[in-house]
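The values are calculated or read from the model by the stated rules, or taken from the named source; none is laboratory data. Computed from a predicted model, the values in this text were never measured in an experiment. Cβ placement follows ideal geometry from the backbone for every residue including glycine, while neighbour counts extend to all protein chains displayed. The protein model used for the area step is the full one, side chains on, heavy atoms only, and it has no ligands, DNA or RNA in it. Shrake-Rupley method; radii C 1.70, N 1.55, O 1.52, S 1.80 Å.
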Amino acid sequence: MVGLSVSPEISLADEPVKIQAWGLLPDQIITLGAWLKDEKGHIFHSRAFYKTDMEGKVDLEKSPATGGDFHGVCPMGLFWALKPKIPFEMLIKHDVVGSPFLIHLELYSSLELKLHEAEPAATKVIERWYSAPGVQRILIREGRIRGALFLPPGEGPFPGVIDLFGGIGGLLEYRSSLLASHGFASLALAIYGYDDLPISFGEMDLKYFEEAAQFLCDHPKVSDDGIGVVSICKGVEMALAMASYLPQVAATVCINGSNAVNGSNLFYGDLVIKAIPYKMEKIVSIDFQSISFTNLIDDPRKPEFQDSILPLEKARGPILFMVGDKDQHCNSLLFASEAKSRAEKYGKKDVYVQCYPGAGHLIEPPGFPFCPVSQGSYFPLPVTWGGELLPHCRAQETSWKQLQEFFRRNIRCSRWNKL
């Protein structure tokens, strides 16, 4: 009897699974496919071809894919390669507590170029959750703060982290819910395009982020000896501003962003940091289907932009830049290198740059599918993010572990509870 097994069948979205097929003929060509339906009803799918061993088995931890959406030994390749049936859709989980993504795995006993037109020999449906049992989600609408706080089970205190995204807007919670699943109290903080916040990304008021940082430090289940900030894209500018000016910030992770203020001025009381103007005329059209913003941000090394660079040498704690060298959204490796050079010039030795060869802009938690281009709400054409499938997704696995280790090492967690 032909069989297909997945272990575990219920898991967190950032955890690996083991996939095996058996009961087939030796040296038989088979097709393994995966698909899911997101919360909008859109289908994402992947497939790969394999040749069975002499016992009629395929083990994705040992067996190389011979073709399909990826090649070689790649245990999580069917998850990494999930792509939208409707071009340029991005897979995003919004209900991170109430329901999982259901991923359908299918085994076909021959090479199938058109899935779903043949009957699979075996199927499995697995659950991929975005929060562990016991994780608490608290919607935050206090003062000016808008977001969602995720707390691990237990009394704490837990290391606190503020989670910032960039130009996508709204409230994204999946990274915070996964961080809480691994022992962090994580505040997913909305910046714009949510609730009563501004509709678009305008001038940035650091007081808003200061209020959020103090709120998290004051929470009875959060260690009050400093918090971390994790950010990506446009959120990196705010993360660096927080690190530079707010004493509450003890450690900062910046994923593919700039070391200077761009596009919109930054305010903090009487302090004004004028933004480097965007060079809209430098937007590049790629194959008339998508656009690249690689050259949108001007070179911060120019003399006239020195006052726009964020003074990260003032930061209380360490800063880790995580960058993909195939980022086609911004020149993140240049910005990170310049930030490190500036820090060293002023005697700050704890700024680190981790570059991931082959990775693009959207470095997500592991298990998330590779997204080289997607349609954004605020752009007329799909946006190119860059990267290569296998090295990008391997970078997601590596960076996720490094991010957690960095915060655990640098956010001191007192042993007493404030309750």
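As a test of the definition: which semi-axes, in Å, follow for the chain when you take the square root of five times each eigenvalue of its alpha carbon gyration tensor? Largest first, please.
One finds semi-axes of 39, 25, 19 Å for the chain.
Out of 312, 179, 334, any idea which swings most in a Gaussian network model of the chain, alpha carbons joined below 10 Å?
Result for the chain, Cα springs under 10 Å: 334 fluctuates most.
Given R₀ = 45 Å, what would the calculated FRET efficiency be for residue 381 paired with residue 53, taking r from the Cβ atoms and rounding to 0.05? Provide the component values of the computation, followed by the final result.
On the way: r = 46 Å, r/R0 = 1.02.
The computed FRET efficiency comes out at 0.45.
Tally the DSSP beta bridges in the chain and give the antiparallel ones as a percent, rounded to 5.
Numbers: 54 of 86 bridges.
Approximately 65 percent, going by the DSSP bridge assignments.
Where is the GNM fluctuation largest for the chain (alpha-carbon springs, 10 angstrom cutoff): 230, 353, 323?
Per the Cα network of the chain with a 10 Å cutoff, 353 tops the list.
When the label point is put 7 Å from the Cα of residue 225 along its Cα-to-beta-carbon vector, which residues of the stretch 325-355 have a backbone N closer than 18 Å?
Inside the label zone: nothing.
Please compute the modelled spin-label separation between residue 73 and residue 265, points set 7 Å along Cα→Cβ, answer in nm with one decimal.
That separation, rounded to one decimal, is 5.8 nm.
Suppose we look only past 17 Å in the calculated P(r) of the stretch 1-130. What percent of the Cα-Cα pairs does that tail hold?
Here the long-distance tail beyond 17 Å is 56 percent of all Cα pairs in the stretch 1-130.
Of the GluC sites (Glu not before Pro) in the stretch 95-124, which ones lie in a loop per DSSP and count no more than 16 other C-beta atoms within 10 Å?
Counting only loop positions with at most 16 other Cβ atoms within 10 Å, the GluC sites (Glu not before Pro) in the stretch 95-124 are 117.
Can you work out the base-10 log of I(q)/I(0) for the stretch 101-241 at q = 0.14, 0.16, 0.19 1/Å, using the Debye formula on its C-alpha atoms alone?
-0.68, -0.80, -1.03
Report Rg (one decimal) and Dmax (nearest whole number) for the stretch 289-373, counting Cα atoms only, units Å.
Final numbers for Rg and Dmax: 14.5, 46 Å.
Report P(r) for the stretch 273-337: all Cα-Cα distances, bin width 5 Å, range 0 to the bin holding the largest distance, values in whole percent.
Bins of 5 Å from zero give 3, 14, 20, 22, 20, 12, 5, 2, 1, 0 percent of pairs.
Give a quick list of GluC sites (Glu not before Pro) in the stretch 169-251 that DSSP marks as loop, anything other than H, G, I, E or B, with at most 16 other Cβ atoms within 10 Å.
In loop regions of the stretch 169-251 (DSSP not H, G, I, E or B), the sparsely surrounded GluC sites (Glu not before Pro) are 203.
How high is the relative contact order of the chain? Use alpha-carbon pairs under 8 Å, at least six apart in sequence, and give a whole percent.
Relative contact order of the chain: 13 percent.
For the chain, with the dipole built from +1 on Lys and Arg beta-carbon atoms and -1 on Asp and Glu ones, taken about the Cα centre, which of 122, 80, 46 lies farthest toward the positive end?
Most positive-ward Cα: 80.
Would you mind working out the magnitude of the charge dipole of the stretch 321-414 relative to its Cα centre, with +1 at each Lys and Arg C-beta and -1 at each Asp and Glu C-beta, to the nearest 20 Debye? Can you show the working numbers first?
Working: 11 positive and 9 negative charges, 100 e Å.
Result for the stretch 321-414 is approximately 480 debye, rounded to the nearest 20.
Considering just Cα atoms, how many Å³ per residue does the convex hull of the stretch 276-419 enclose?
169 Å³
Which of the residue pairs 57/85; 207/234; 234/326; 18/51; 85/234; 37/93 have a Cα-Cα distance greater than 20 Å in the structure shown?
Result: 57/85; 85/234 exceed 20 Å.
What order do you get for 77-85, 16-24 when each peptide is scored by the mean count of other beta carbon atoms within 10 Å, highest first?
In decreasing order of mean packing, 77-85, 16-24 become 77-85, 16-24.
Can you quote the Å³ per residue value for the convex hull of the Cα atoms in the stretch 149-206, rounded to an integer? Could the numbers behind the result be given before it?
Values: hull volume 5.1 nm³, N = 58.
So the per-residue Cα hull volume is 88 Å³.
Just in the stretch 135-171: which trypsin sites (Lys or Arg not before Pro) are loop by DSSP and have at most 16 other Cβ atoms within 10 Å?
Qualifying residues, ordered by number: 144.
Treating the beta-carbon of each Lys and Arg as +1 and of each Asp and Glu as -1, no other charges, what is the dipole magnitude of the chain about its Cα centre, to the nearest 20 debye?
It comes to approximately 640 debye.
So which residue, out of 197, 266, 246, gets the largest mean-square fluctuation from a GNM of the chain using Cα contacts under 10 Å as springs?
With Cα springs under 10 Å in the chain, the top fluctuation among 197, 266, 246 is at 197.
What are the lysines whose alpha-carbon lies under 20 Å from the alpha-carbon of residue 349, with same-chain residues fewer than 8 places away excluded?
314, 340
Taking every eigenvalue of the Cα gyration tensor of the stretch 194-304, multiplying by 5 and rooting it, what semi-axes result, largest first, whole Å?
Working through the eigenvalues yields semi-axes of 29, 16, 14 Å.
Sorted from largest to smallest, which semi-axis lengths in Å does the alpha carbon gyration tensor of the stretch 118-177 give for its equivalent ellipsoid, taking the root of 5 times each eigenvalue?
Gyration-tensor ellipsoid for the stretch 118-177: 32, 18, 9 Å.
For the full complex of protein chains and a 1.4 angstrom probe, list 108, 245 by accessible area with the highest value first.
245, 108
How would the stretch 50-119 be classified by its alpha-carbon gyration tensor: rounded, prolate or oblate, with rounded meaning a/c under 1.5 and the a/b versus b/c comparison settling the rest?
On the way: a/c = 2.01, a/b = 1.71, b/c = 1.18.
Verdict is prolate for the stretch 50-119.
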